1. Just how many pairs of Lys in the chain have C-alpha atoms closer than 26 Å, counting pairs that are eight or more places apart or on different chains?
2. Listing 155, 46, 128, 135 from the residue with the fewest other Cβ atoms within 10 Å to the one with the most, what is the order?
3. Which order results if 9, 133, 95 are arranged by neighbouring Cβ count within 10 Å, fewest first?
4. How long, wide and thick is the range 131-179, going by the Cα atoms along their three principal axes, in whole angstroms, largest first?
5. Could you tell me the center-to-center distance, by alpha carbons, between the range 67-108 and the range 115-180 in angstrom?
6. Dipole of the range 4-120, Cα-centred, from +1 at each Lys and Arg C-beta and -1 at each Asp and Glu C-beta, to the nearest 20 debye?
7. Any idea how far apart residue 135 and residue 13 come out in nm if each label point goes 7 Å out from Cα toward Cβ?
8. Per-residue ellipticity at 222 nm for the chain, helices alone: DSSP H runs ≥ 4 residues times -39500 (n - 2.57), over residue total, nearest 500 deg cm²/dmol?
Amino acid sequence: MLSPASRASLDIKVRASVAKFCIVEAQPKEIDDCVLHGVRLRRLNYLEARMMASVLSDLAPALAYVDASDVNEARYGADIREFLPQQLKNMRIVSEHHADRNFPVVSAASIIAKVRRDALVEELRNQYGDFGSGYLTDPKTMGFLRRWRKSHSEYPPIVRLSWKTIRELESEIGQTRLGA
């Protein structure tokens, strides 16, 4: 909901006002491994729960508010708890959809995460060129993926191969090659 400039400004204020924060990042291969070896959304939610448990283990709050990625909010909270170390199993976890809108602490965490993502995307642009936003709805991203795949034997490691769009592009490229 915020512009990158607004997020960057708020990120500085948030970091200055907290005693500690933690960032855990999933790499494309880790997501692919999770998604390709199980029921897609359930496995991805489980990966997110494991990562959230890692954050909570590092921060060890008595009460944690989390944005539920699972359609079942309670199940997501239970999945997180499953990955917590024994000494944190009694942590109170409030798992809700749109928690970033309802709880300032989750809004603050979302700002930190998005600023980190923005910085990573900029680093990747410096390495790979302008690939757009990285979302499938972005024609620039789709153009980048098509051009890359046509000139390389595989996609760069920044691409999630489990992404439905990649399968569609592979089918499109295969059809082009058959017709050539």
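1. Number of lysine pairs found: 12.
2. Result, fewest neighbours first: 135, 128, 155, 46.
3. Sorted ascending by nearby Cβ count, the order is 133, 9, 95.
4. Computed over the Cα atoms, the extents are 31, 20, 19 Å.
5. One Cα centre to the other: 32 Å.
6. 200 debye
7. With each label point 7 Å from Cα toward Cβ, the separation is 2.4 nm.
8. Estimated from H runs of four or more residues: -20000 deg cm²/dmol.
Here, each number is a calculation from the coordinates, and none is a lab measurement. Computed from a prediction, not measured in an experiment: that's the story for all the values here. Positions of Cβ are backbone-derived with ideal geometry, glycine not excepted, and every protein chain shown enters the neighbour counts.
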